[in-house]
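The block underneath contains the structure these notes are about, expressed in structure tokens.
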Amino acid sequence: MDRYSRQTLFAPIGKEGQQKLREKHVLMIGAGALGTGNAEALVRAGVGKLTIADRDYVEWSNLQRQQLYSEEDAENRIPKAIAAKTRLSLINSQVEIEAHVLDITPQEMEQLVNNVDLIIDATDNFDTRLMINDIAQKHNIPWIYGACVSSYGISYTIVPGDTPCLNCLLETVPLGGATCDTAGIISPAVQMVVAYQTVEALKILVEDWSSLRRKLVSFDLWVNQQTAIDISKAKKEDCLSCGKNPTYPFLSYENQTKTAILCGRDTVQIRPSVSQTRNLDQLEKMLSGQNGTVEKNPYLLSFTTGEQRLVIFKDGRVLVHGTKDITEAKTLYHRYLG
Amino acid sequence: MKLHINGDMVEVPDTITTVSGLLEHFELNNKVVMVERNEDILDKETLSETKVEDGDKLEIVQFVGGG
């Protein structure tokens, strides 16, 4: 079969690299702009298995840059992990794809990293990235940080036991930075980060470690700037994630956020402190008696009332649309769901 | 004073004397950034003591969250 012929002709991969790629398992956290770009590239390239975890569903404002989704997905509010899997299976049926509709907690992270060779960061927040960073250090799995906003992007490949980790670099969780919500995002910035992440992923998957970039790269496509800096000296011996005596602080319960404002959306997510499965049929009955509109698919229920909309997932989470205020979101949540 | 910042020649006021002053000038003082000055990565604690001088070559990389 010559499906991968142009890739195996590329000497650093070759037939041997293609076989290695075929045996590898990648975990993708997030299936938004970066997630769909990375996933499509790796699935076309012939990775063995791809596991995708995402907490969100497809909306119209995603279609401008999230390349695996269609108008139909937005119309039907299909969870991103499911819509991505459906599309990816059409692109390459030889790749095993596992989809998880969930908001990652450390417990789930522990299960998902089983037999994983590489983690790709395609999230939109630092809470999850620091969790990825800790689990990667704990299980000795390389991961690739990528992020973008407006026309700017950044990427760095983190190899446990070798490079500095995200906790070394950040020292604190960044707060109040620009988001896709406030500053917008253009697709070339996404595609550029995807290219930086995918090429590093290919190098790792074919085990060409010496070719890794090893620099923190960033760019602004609109103002024509590009920079790559060597940050190997930023590795800290006393780092709690990758230092001599690690405690993996971001895997502990205290460091978990129970509410989150979603990037690029006028939306707050609320996750119950105790994991629970919701009975959507029962909820549909209950909310039908309220002053609003109820719509349901097999994965979630949407309840619109006035300017606001609650989207209730089977796994217990609720997205409150029409607000960025956590308190207001919680009020609505408690008003309708107790 | 002229500085090379992220590959571009940039004119900044002479009142700026330190790296943290420069970050403030670009409204990056509350952001999480990595700064390289003349090919040396700077420790976050030293940004307010590190001088910037005419002709310095700086790379400023900001960590962002979107994706």
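Miscellaneous remarks
- Under 18 Å from a label point set 7 Å out along the Cα-to-Cβ vector of residue A:224, the amide N atoms of the range B:1-22 belong to B:4-11.
- Per-residue 3J(HN,Hα) values for the range A:212-217, derived from phi via the Karplus relation 6.51 cos²θ - 1.76 cosθ + 1.60 with θ = phi - 60°, read 4, 5, 6, 10, 7, 10 Hz in sequence order (x marks Gly and Pro).
- Legend: mean number of C-beta atoms from other chains within 10 angstrom of residue C-beta atoms, peptide B:22-33, equals 2.
- Karplus-derived 3J(HN,Hα) values for the range A:77-86, using 6.51 cos²θ - 1.76 cosθ + 1.60 with θ = phi - 60°, are 6, 6, x, 4, 4, 5, 4, 5, 4, 4 Hz; glycine and proline are entered as x.
- Helix-only [θ]222 nm of the protein assembly as shown, DSSP H runs n ≥ 4, -39500 (n - 2.57) each, per residue, nearest 500: -8500 deg cm²/dmol
- Computed magnitude of the charge dipole of the range B:2-62 (debye, nearest 20; Cβ of K, R +1, Cβ of D, E -1): 140
- Cα gyration tensor, the protein assembly as shown - rounded (a/c under 1.5), prolate or oblate: oblate
- Approximating the spin labels as points 7 Å out from Cα along Cα→Cβ, the residue A:94-to-residue B:57 distance works out to 4.5 nm.
- Burial order of peptide ranges A:210-222, A:56-68, A:125-137 (average beta-carbon count within 10 Å, highest first): A:125-137, A:56-68, A:210-222
- Cross-link table A:80/A:330; A:203/A:233; A:324/B:31; A:233/A:258, entries beyond 29 Å C-alpha to C-alpha: A:233/A:258
- For the range A:286-297, 3J(HN,Hα) per residue [Karplus equation, 6.51 cos²θ - 1.76 cosθ + 1.60, θ = phi - 60°, Hz, x = Gly/Pro]: 4, 7, 4, x, 8, 7, x, 10, 10, 10, 9, 10
- Cα gyration tensor shape of the range A:266-337, rounded if a/c is under 1.5, else prolate or oblate by comparing a/b with b/c: oblate
- When only the Cβ of Lys, Arg, Asp and Glu is charged (+1, +1, -1, -1), the dipole of chain A relative to its Cα centre reaches about 320 debye.
- To the nearest ten degrees, helix A:187-205 and the longest principal axis of the Cα atoms of chain A are 50 degrees apart.
- Tensor-based shape of the range B:2-62 (alpha-carbon gyration tensor, a/c under 1.5 rounded, otherwise prolate or oblate): rounded
- Dipole of the protein assembly as shown, positive end: most advanced residue of A:155, A:312, A:143 [Cβ charges, Cα centre]: A:312
- Computed from the C-beta positions of residue B:44 and residue A:291 and an R0 of 56 Å, the FRET efficiency is 0.60 to the nearest 0.05.
Quick note: the coordinates plus some simple rules give every number you see, no bench work behind them. Everything quoted here is computed from the prediction, not taken from an experiment. With ideal geometry, Cβ positions are generated from the backbone for all residues, glycine too; neighbour counts draw on all protein chains shown.
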